[in-house]
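Q: Quick one: this structure, given as structure tokens, is what I'll be asking you about.
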Amino acid sequence: MNSSILGFIGLGNLDPAILFIIWLLLIILLFVLLIIQSSKLKKLEKKYDKFMQGKEAASLEEEITGLFHDNRLIRSENEKNRKDIISINKRLSNSFQKYGLEKYDASRNDGGKLSFAICMLDEKDNGFILNSVHNSDGSNYTYSKAINAGVSEIELTKSEKVALEDALNSTVR
């Protein structure tokens, strides 16, 4: 069978059955693509429905605006917390963080170790040593010595040196 249309495009000797088969395969291919696209569209609709869940466009806009507002609040609170932490760290560096305590028997015969030297230092090893001496006659003497950068300008007793070393080696913070 000869077709004038097929002859016009240069396919005059082509069997119409072959052309029919080609068209049929093309229709089947398009049908398969339509099914694939339809399933993808269904999945997308399910995701959209889950996202919207009872929301209208206006309420969804309010929800998103609320999230942006919350985000701004969180940022400002975070900045305030950061400044507070810096302030706390500055104040903490001046507080006593290290200590050393040495108990001893000043009279060497009552055995009670009622005398003591206590050293309190800040982060920069500045502070004081407080020494309380208890004598066997019942009298007590208490005095202090300043510590700057871990050093005393006044000579320290043996027990005061031990208390200072304990404080300098202390890692309590």
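Q: Give me the strands (runs of 3 or more DSSP E) completely within segment 63-173, filtered to those with at least 1 residues that are under 32 Å from the mean Cα position of the chain (by Cα), ordered by residue number.
A: Answer list for segment 63-173: 98-104, 115-121.
Q: In addition: Tell me, yes or no, whether segment 149-156 has at least one residue that is modelled with pLDDT of 90 or more and among the hydroxyl-bearing types (Ser, Thr, Tyr).
A: Yes - at least one qualifying residue is present in segment 149-156.
The values are calculated or read from the model by the stated rules, or taken from the named source; none is laboratory data. Just so we're clear, the structure is a prediction, and the values are computed from it rather than from any experiment.
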